[in-house]
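For reference, the structure discussed in these notes is given below.
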Amino acid sequence: MTTNSTIPWAPVRSTLTEKFSFGDIKQIVGYGDIDMSLLAHLEQKQQNGATKSQLLSEIDKQVGRMDETRRGAFVSICCEEMMRRKDDVVAELGRVLSRVGWKFSGTALIPVEVFDVAELASIPEQARVDIQKASSRLRDADLSGALSAACGALDTVTANIYDRYNLGDAGRASFQERVKRSVDALNVKNRLVQELVEIGWSEADYKPLAANIEGSLNQAAYVMQKLRSDMGDVHGTKPVITALVYDSIKWSALLLRTLAL
């Protein structure tokens with residue numbers, strides 16, 4: 001994963017300057033983890049009062065001293081407060097942040113490399129909230145929470161398939177088994193083979209491809225199951241590795257697209 005997982009302060013700062021008054025800026029940053037006593041001497045007065053530029057420069061100093069996790073939380077809170085106060089700020093933040101690799105999914109900001117919001121249309125509707133949550137939690141450095149949400153998205157969809165096809169009690173099946181039986185119930189492999197035959201593939205070509213795709217889906221489910229049992233926030237026993245959580249969100253999205261057939 002190469003995209004910085006912390007929402008950048010500079011574009012948000014510029015939007016604060018353009019869209020909000022001196023008093024509003026003070027209130028907005030006050031919701032974040034910032035020392036307001038260091039801003040107390042800055043007040044707007046008719047004579048010799050502080051300017052927005054001076055206020056934001058003092059805020060910059062504090063933001064610059066924050067570690068990545070704390071800064072990400074602070075900037076995220078500022079964005080939420082800005083959008084709550086002015087509807088048109090959503091479009092403006094979307095415009096300036098899209099240039100540096102961020103997009104809105106609803107009102108949540110998500111790094112484009114983590115999850116492209118355009119992918120939401122291709123996964124089952126009931127899983128979209130959890131996938132958005134997984135991406136947002138990864139953004140906010142809540143790695144075990146991100147992993148749990150990515151798995152939860154598949155829990156929801158597979159439970160629905162179990163009910164629809166009378167596959168039994170989904171709660172008694174392992175995560176990997178739920179995914180595999182759901183893939184089988186939807187005839188994913190046979191549908192793929194049929195599509196390949198229709199475009200002229202021979203059995204010698206489509207048979208190994210279909211078998212490998214089926215195996216890859218099963219392996220992805222196993223990896224997610226293993227990570228969840230050892231790294232999730234409910235049963236966690238081992239440190240969470242960022243790259244694996246990032247991959248899990250991608251695997252979850254892939255499996256969900258398959259189960260949307």
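The values are calculated or read from the model by the stated rules, or taken from the named source; none is laboratory data. Note that this is a predicted model, so its numbers are computed, not measured. When we count neighbours, we look across all protein chains shown, and the Cβ atoms used for this are built from the backbone with ideal geometry, even at glycine.
In region 174-201, the qualifying residues are those that are of a type in the set (A, V, I, L, M) and more than 19 Å from ASN160 (Cα to Cα), and the one that is surrounded by the fewest Cβ atoms within 10 Å (Cβ to Cβ) is ILE199. Scan region 36-49 and tell me whether some residue there is in contact (Cβ under 8 Å) with a residue 24 or more places away in the chain and surrounded by 18 or more Cβ atoms within 10 Å (Cβ to Cβ). No, region 36-49 contains no residue that is in contact (Cβ under 8 Å) with a residue 24 or more places away in the chain and surrounded by 18 or more Cβ atoms within 10 Å (Cβ to Cβ).
The condition (being surrounded by 13 or more Cβ atoms within 10 Å (Cβ to Cβ), in the same structural domain as ASN160 (by TED's automatic domain parsing) and either modelled with pLDDT of 85 or more or more than 19 Å from the chain's Cα centre (by Cα) (or both)) is satisfied by just one residue among ALA204, ALA220, ALA211: ALA220.
Here GLY101 clears all of (1) of a type outside the set (A, V, I, L, M, F, W, C); (2) modelled with pLDDT under 80; (3) over 16 Å from the mean Cα position of the chain (by Cα) except the condition numbered (3).
It is to be established whether one or more residues within region 161-171 are closer than 22 Å to VAL223 by Cα, among the aromatic types (Phe, Trp, Tyr) and modelled with pLDDT of 95 or more. Yes: one or more hits. Just to be sure I understand the filter: pairs with C-beta atoms under 6 Å, separated by 6 or more residues or on different chains, first member in region 55-79 and farther than 14 Å from TYR31 by Cα, second member outside any helix (DSSP H, G or I) and polar (S, T, N, Q). Which pairs pass? So the pair list comes out as GLU68/THR6. From the list ALA73, ALA91, the one residue that fits, being modelled with pLDDT under 90 and more than 30 Å from ILE241 (Cα to Cα), is ALA91. Looking at ASP130, ASP163, just one residue is among the acidic types (Asp, Glu) and either closer than 22 Å to THR6 by Cβ or surrounded by fewer than 16 Cβ atoms within 10 Å (Cβ to Cβ) (or both), and that residue is ASP163.
Annotation note: of ASP60, ASP33, the sole residue that is under 27 Å from the mean Cα position of the chain (by Cα), assigned to a loop (DSSP other than H, G, I, E, B) and surrounded by fewer than 16 Cβ atoms within 10 Å (Cβ to Cβ) is ASP33. With the structure loaded, tell me whether LYS45 is among the basic types (Lys, Arg), touching a helix residue (DSSP H, G or I) at 6+ places or on another chain (Cβ under 9 Å) and either within 27 Å of ASP142 (Cβ to Cβ) or not assigned by TED's automatic domain parsing to the domain that holds LYS133 (or both) or whether it fails that test. No.
Scanning region 13-30 for residues that are in a loop (DSSP other than H, G, I, E, B), touching a residue at least 40 places away in the same chain (Cβ under 8 Å) and surrounded by 17 or more Cβ atoms within 10 Å (Cβ to Cβ) turns up at least one hit. Can you name every residue in region 110-145 that is assigned to a loop (DSSP other than H, G, I, E, B), touching a helix residue (DSSP H, G or I) at 6+ places or on another chain (Cβ under 7 Å), among the β-branched types (Val, Ile, Thr) and modelled with pLDDT under 75? Selection gives VAL114 alone.
Here VAL223 meets the list (1) part of a helix (DSSP H, G or I); (2) touching a helix residue (DSSP H, G or I) at 6+ places or on another chain (Cβ under 8 Å); (3) more than 20 Å from SER252 (Cα to Cα) almost entirely, failing just condition (3). Within region 224-238, the set of residues being at pLDDT 90 or above and touching an Asp or Glu at 6+ places or on another chain (Cβ under 8 Å) is empty.
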